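Notes to accompany the following structure.
The values are calculated or read from the model by the stated rules, or taken from the named source; none is laboratory data. All figures in this text were calculated on a predicted structure; none of them were measured in a lab. Positions of Cβ are backbone-derived with ideal geometry, glycine not excepted, and every protein chain shown enters the neighbour counts.
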Amino acid sequence: MRMPRKSLLKLSLTASVVFSLVAATATSDAPVQFGDPLSGLTSSQLAAFNDGKTEFATAEEVDEGLGPVFNGRSCVECHSVPVVGGGSERLVTRFGTITNGVFDPLAQYGGSLIQDHAITRDDGSVHDFSAEDVPRQATIVAHRRTPPLFGLGLVDAVPDQTFYELAAAEARRGDGTAGRVAVVNNAATSSQSVGKFGWKNQVPSLFVFSGDAYLNEMGITNPLFPNENCPNGDCKQLKFNPRPDLNDLGDGVEEFNDFMTMLAAPPRGPKNADVEVGEAVFDQIGCDSCHTPTLHTGSSAIASLDHATFHPYSDFLLHDMGNLGDGISQGAAGGRDMRTAPLWGLRMITKFLHDGRASTIGDAILAHDGQGRAARDRFNALDANSKAKLLAFLNSL
């Protein structure tokens, strides 16, 4: 089994994050807040959510398998705004190059993800590993912002067939904005599944997402991803790894999955007449071509996820975004492809687009390219009043 936890939090957290770690309780009438569990959970489901939330916020230690290279000691280091389970302005770095016309992640140099921390111990009891850096061979360097996790259990519960149907419906429109389904390897089933998560739809489920993040962000090996990352591709360094065994036997992955699966969708902000008109403008200029307002889940053992209707404002498909793409190929996505980002909870985002380059929603729209170019141009042509109402709508999400 995994080594027992010695404390709830071993890292400095803001007061708001600490406050948000209070165990959730079942409330019937209180409005949903950011970070709440799904409504209608059973007592055992609520307990699993709270246990997962604790695990999500608990810092890993070297003797528990942290590293040798990593990006954070806990999930909450990146997923904390506005509460545990949210996003942040924290960026990770990816790199690669083009070899014989094909994207090359430069795996021999530790690519494509940089782990920018490494384990060390001042008393010399642990080999001092070096944090990774971008090798000189890389010609493509991209940054990605940490997205929020609210409501992703609903997305996970949407049947794969729904995404094929969405892509087919978008193709029938014939307006040049049709998305495509990402089909990726599913480490949990050793088969192919529809990718739904990650900026490139490279991850098929929250369960796989949990195992992937455990390894690639914290260096914790687990049954889904049992092999350590070689620091900067130098696998000889692993002979100094203080925890060469399997670091997590699967319980941590399950707890992360429980927390994310039962994390409620972000609450909608106040609506008024300007918001209603702004949503009509949103539709008129074609934003809803990719930012699909409404989706439906399939069957689920969790009542709140069972045949539920929700409003993510995303089709969760890949789209060719032209120059807005980050140049990195992952799974079924090429360098120009990006997953349609869901817009729910947008009012809590402080930096926009995958790399955080935009400081306002308007700037984010104006950066759209490729299949998003026509909607961008229609936005740019709006009169000031229509733009203001559109932004009022987006700021209500």
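Overview of results
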| item | result |
| --- | --- |
| Odd one out for Arg94, checked against (1) at pLDDT below 95; (2) in a strand (DSSP E or B) | (1) |
| Candidate set from the stretch 107-130 (those that are under 23 Å from the mean Cα position of the chain (by Cα) and outside any strand (DSSP E or B)); member that is surrounded by the fewest Cβ atoms within 10 Å (Cβ to Cβ) | Ala107 |
| Residue count, the stretch 165-182 (criterion: more than 28 Å from His79 (Cβ to Cβ), of a type in the set (A, V, I, L, M, F, W, C) and crowded, with 20+ Cβ neighbours inside 10 Å) | 1 |
| Test: residue in the stretch 231-244 that is in contact with a Pro (Cβ under 8 Å, 6 or more places away or on another chain) and more than 20 Å from Glu132 (Cα to Cα) | no |
| Given (1) over 23 Å from Thr97 (Cβ atoms); (2) touching a helix residue (DSSP H, G or I) at 6+ places or on another chain (Cβ under 8 Å), index of the condition Asn323 fails | (1) |
| Out of Ser300, Ser304, sole residue that is surrounded by fewer than 19 Cβ atoms within 10 Å (Cβ to Cβ), in contact (Cβ under 8 Å) with a residue 40 or more places away in the chain and either on the phi < 0 side of the Ramachandran plot or part of a loop (DSSP other than H, G, I, E, B) (or both) | Ser300 |
| Unique residue being more than 24 Å from Gly85 (Cβ to Cβ), part of a helix (DSSP H, G or I) and polar (S, T, N, Q) when the list is Gln161, Gln192 | Gln161 |
| Filter result for Gln137 (farther than 24 Å from Ala264 by Cα, polar (S, T, N, Q), surrounded by fewer than 21 Cβ atoms within 10 Å (Cβ to Cβ) and without any contact (Cβ under 8 Å) to a residue 60 or more places away in the chain) | yes |
| Unique match (being in a loop (DSSP other than H, G, I, E, B), touching a residue at least 12 places away in the same chain (Cβ under 8 Å) and either more than 20 Å from the chain's Cα centre (by Cα) or surrounded by fewer than 20 Cβ atoms within 10 Å (Cβ to Cβ) (or both)) among Asn185, Asn247, Asn232, Asn201 | Asn247 |
| Subset tally (residues that are small (Gly, Ala, Ser), more than 19 Å from Thr93 (Cβ to Cβ) and assigned to a loop (DSSP other than H, G, I, E, B)) for the stretch 307-338 | 4 |
| Test: residue in the stretch 293-309 that is of a type outside the set (Gly, Ala, Ser), in contact with a His (Cβ under 7 Å, 6 or more places away or on another chain) and farther than 28 Å from Phe56 by Cα | yes |
| Residue count, the stretch 344-372 (criterion: on the phi > 0 side of the Ramachandran plot and assigned to a helix (DSSP H, G or I)) | 1 |
| Residue satisfying condition, being part of a helix (DSSP H, G or I), in contact (Cβ under 8 Å) with a residue 24 or more places away in the chain, surrounded by 18 or more Cβ atoms within 10 Å (Cβ to Cβ) and among the aliphatic types (A, V, I, L, M), within set Ala341, Ala375 | Ala375 |
| Residue within the stretch 156-176 that is within 26 Å of Met262 (Cβ to Cβ) and either in contact with a Phe, Trp or Tyr (Cβ under 6 Å, 6 or more places away or on another chain) or at pLDDT below 95 (or both) present | no |
| The lone exception for Ala178 - which of (1) touching a strand residue (DSSP E or B) at 6+ places or on another chain (Cβ under 9 Å); (2) outside any loop (DSSP other than H, G, I, E, B) it fails | (2) |
| Total residues in the stretch 378-397, condition of a type outside the set (Gly, Ala, Ser), assigned to a loop (DSSP other than H, G, I, E, B) and free of Cβ contacts under 8 Å to residues at least 40 places away in the same chain | 1 |
